[in-house]
Every structure is written in structure tokens, then in C-alpha cells.
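One structure is given below, encoded as C-alpha cells.
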Amino acid sequence: MAANTNTKVPPFGMRDKIGYMFGDFGNDFTFILSSSFMLKFYTDVMGIDAAVVGLLMMAARFIDAFTDVTMGQIVDRSRPTKDGKFKPWIKRMCGPVAIASFLIYQSGFAGMAYGFKVFWMVLTYILWGSIFYTSINIPYGSMASAVSADPKDRAELSTWRTIGATLAGLVIGVGTPMFAYETVNGNTVLSGSRMTIIAGVFGVMAIICYLLCFNLVRERVEVPANNAKLNIGNLLKSLVTNRSLLGIIAAAIALLLAMLTMQGMAGYVFPNYYKSASAQSMSSLTGTVAMLVICAPLASKLSAKFGKKELSVVSCASAAIVYLVCLIVHPQNAFVYVGFFTVAYIGLGFFNTVIWAMITDVIDDAEVKNGVREDGTIYSVYSFARKLGQALSAGLTGSLLTMIGYSNETAFDPEVTERIFKLSCIAPIIGFALVAVFLIFIYPLNKKRVEENVATLANKRK
């Protein structure tokens, strides 16, 4: 046992699944807030150009190229403690990540000089995303392979992690629009002071969720410290020749392009095009219900029967088709648009539910090929790829909003809002289609290959 060889560790069960769920609940109190409202906050409240905000989100990913992999190496080389190898990082870093997130949304600085506001945005965003979020998210994600060696248990952890993210999305996506917006001169606008309060409340809730994760989850699989001398050349060669890792990275970037564009554009298409904050809340509610009622119960069963890769290809291709129909139909009623959003979210939800189990498949595949298990390093590279996807989505959304002429002065111009609608459909179409293509042509871990790897490692550990 990794945590304590002298203590009998209880078998994997509901306590672990609920605890792991709370971990991503905590993550997404800051992550979803950032992906859904940071661009809107800095354009509408702080008066920063959308392209500048998007550029920051993209530029910060170059920093992540170093901080993510560095954190992965630190995790791989750390020695297990009485609490395990990965869990201690969650307790250490939950406070800093929550505080850094709160500092991003300081509306009291709205009247400061433009240069100062840009400086504050850059400083707080890098502290939150590139340093503190990295230092808690990579150990958290890597921990799944230490909780249980059973692929079925890992698939269940992936499902419960997605449930945690979905519940956080429900709280943030439904609750935030209800409290953050106010009506000014007949228009629905974001309140800066309310956003500051919301960010503080979510920070406290994130800390509570992280501590619940720390106390409920148990590490059972021994993952010793990797004391081998670091060879950057061999590491890079191993990573760039790992087809399964490259495939899941490409698919993850495309997924985030679709998912975060859906979330980010919701802050513009609903209040600006449809002029309905209530419809934005409803889209988050219906998406969450669909995830919990349809995706979470069925994802494990369908992936066990057909394979995780196979399920993901079909679901994402279907989501692309749904948005294509929405673009053609061009609904004038906000709640009809919510219907399209929800059906597409089901397609996204199946892939998003099993993707964390697919990462453990990639880790297993690398161990079969190389004979060395590097949970932290592989997960950190994947984490960096996800952040790159976040940045591309935010950067692309910000740049496209600027290209279509969006600003404080043109926010409700009919020509601009019409372009917002089209953008809200076209970006997810491209993202979902790319997910399916990358999984089909790059990612090699179909159902048969995964089962072969599991059997090989089981024989190795006998």
C-alpha cells in the first residue's frame, strides 16, 4: 500500500467515488468560472479589448509548457507519505488556488489606468492558472491510477469526476447569470461588484470541496518515487512517439474548443442576441440534467460494451450534426436554441465522462511499451494540452469577437449580434468534428487494445 503498509486499507467503494467527485467540483469552481465569465468580465466590466484577453490566455500556455511538465516530474519523484503520494498536494494548494481565482475578479480596479488593468489581469491569471491550479490539478488527476488498478474502478472514477464537474457547472452556469447580471437602460449587463462577490464565494466552496476529496479518497496502488536521472531528450522522444498520447491530446484540444466555445459564447449569444439571461441559466440547467440523467448512468455501460473510443467518436460526430442543424434552422426563440444546446451537450457529455479513464488507458499503454510507469509526467503533458485547448478557445473566441466588431459600444448592434449567433454554432461544429476525426485516425486504443494492455499488466504484477 502506498500510504501505509501497516494499515489495512478499505476496498475501493462509494467513499472514493464521492471524494474524487468533490475534487473536480473544487477544480471547476475556479476553472468554469474562468472559462465562462473571465472574458466577459474583462471586456464588459474592466474595458479590456477581447483580443487582449484572448492573447493572454494563449500566451499563458507557453508558461504552462514548463510549469505543467515540471509539476509532473515533481509528483513522479515525490515519495509517498502516510496520506499517499498525490493527496498531500491537494491539501497544500487548495488555499492558494482559491485566493488567486478571487483576485482575478476585482471590479474595484475598473477605474484604474488601462495599463494597470492589463498588468493585474496578467499577474492574477498566471498565478491562478499556470502555478497554483497546475500544482493541484496534476496530482489530483494522476491520483486516479493510485486509487485502484482495476479499469472498471477507474472508469467509475472518471464518471464521478465528470459528475463533480457537471455539478459545479450547474452551480456556476445556472447561479451566476441569475446574480451577476442586472438590467441597465433595458439591456442585460454584467455587474462587476456582484462578480467579485461571486468569485469570493466560489473560492471558499472550492476549498471545502478539495478538503472533502483529501479526506474521503484513499490511495491503494503503490507508486514509488521515480528516482531515475531525468533525460530530457529521452523524455521528449518517448512523449512525441506515443501515438495514444498524441491522439488523446489532439482530441482533448478539439473537445475544449467545442465545449469552452459553447460556454464562453453563452455569455454573449443569450444576453446580447436573445436578450435573455434566464435562457442562459436554463441552458446550464438542462445541460447538467442531461449529463446526470443520461450520460453519467450510461457512459460506463456503453463504453464497456462498445469501447471508450468507439462511444466518443459517435457521440461527438452527433453533436457536430446537431449544431449544423441549429445553424441552418436559425431559431429565433431563445429556448429553442437551448434545446439544440442541450442535445449537443449530450454528445459532448459521453466523451467528457470517459476521457479521464482514457488517460489511464494511455498510461497503461505507455507502461506496456516502455516498461516504466510515469503517471505524473503523462498526465502533466495531457494537462498542458487541455490548457492549450482552453487558451485556443478563449483566444479564438476573443479574436473572433473583435473581428466581428464586438465592443462595449456595439454589444447590442443587430449586425454584430447576428454574427455572434453564427459564431456560437460554427465553432462547436468544427470542434466536435475534429474530435471524431482525431480519435478515428490517430488514437489507437480501441476496446480490443485496451483489454490486451490490462491483461499484460495484470500478468506483470503477479
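The values are calculated or read from the model by the stated rules, or taken from the named source; none is laboratory data. Note that the structure is a prediction, hence the values are computed from the model and not measured. Every residue, glycine among them, receives a Cβ derived from its backbone with ideal geometry; neighbour counts consider all protein chains shown. Please note that ligands, DNA and RNA were not included when accessible areas were found on the heavy atoms of the full protein model with its side chains. Shrake-Rupley method; radii C 1.70, N 1.55, O 1.52, S 1.80 Å.
The table for this structure:
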quantity	calculated
Relative frequency of Cα-Cα separations exceeding 17 Å in segment 317-388, percent	59 percent
Overall Cα dimensions of segment 408-448 - principal axes, largest extent first, Å	55, 15, 13
Partner aspartates and glutamates for Lys40 [C-alpha distance under 12 Å; skip if fewer than 8 residues away on the same chain]	Asp49
Length gained when the stretch Ile99-Ile321 is fully extended (0.36 nm per residue, less Cα-Cα span)	75.9 nm
Distance cut-off 18 Å, percentage of C-alpha pairs in segment 385-462 lying past it	62 percent
Cα→Cβ-extended label distance, 7 Å offset, between Asn370 and Val437, nm	2.9 nm
Relative contact order for the chain, counting Cα pairs under 8 Å that sit 6 or more residues apart, in percent	28 percent
Label point distance in nm, Phe116-Leu298, each placed 7 Å from Cα along Cα→Cβ	5.4 nm
Positive dipole terminus of the chain, leading residue within Ile294, Leu212, Phe412 (C-beta point charges)	Leu212
Accessible-area composition of segment 1-147, carbon plus sulfur, in percent [1.4 Å probe]	70 percent
Quotient of C-alpha Rg and 2.2 N^0.38 Å, computed over the chain	0.95
Percent of Cα pairs exceeding the 21 Å cut-off, where the set is segment 1-142	50 percent
Cross-link table Lys82/Lys448; Lys91/Lys308; Lys308/Lys387; Lys387/Lys460; Lys87/Lys447; Lys87/Lys387, entries beyond 27 Å C-alpha to C-alpha	Lys82/Lys448; Lys91/Lys308; Lys387/Lys460; Lys87/Lys447
Derived scalar couplings ³J(HN,Hα) [segment 416-429; Karplus, 6.51 cos²θ - 1.76 cosθ + 1.60; whole Hz; x for Gly, Pro]	5, 5, 5, 5, 4, 4, 4, 4, 5, 9, 5, 4, x, 4
Using alpha-carbon coordinates, inclination of helix 277-290 to the longest axis of the chain, degrees	20 degrees
5 angstrom amide H check on Asn187, placed H, neighbours 5+ away	none
Backbone HN-Hα couplings from phi across segment 49-64 [Karplus 6.51/-1.76/1.60, Hz, Gly and Pro as x]	4, 4, 5, 5, 5, x, 5, 4, 4, 6, 5, 4, 5, 5, 5, 4
Computed E for Val184/His330 - FRET, C-beta separation, R0 25 angstrom, nearest 0.05	0.30
Long-range HN-HN contacts of Ser78 with modeled amide H, under 5 Å	Asn226
Where only C-alpha atoms are counted, convex hull volume of segment 39-112 per residue in Å³	97 Å³
Distant-in-sequence amide H partners of Glu219 (H built 1.01 Å from N, under 5 Å)	none
Backbone HN-Hα couplings from phi across segment 345-351 [Karplus 6.51/-1.76/1.60, Hz, Gly and Pro as x]	5, 5, x, 4, x, 4, 5
Cβ-Cβ FRET estimate between Ala455 and Phe62, R0 fixed at 56 Å, reported to 0.05	0.90
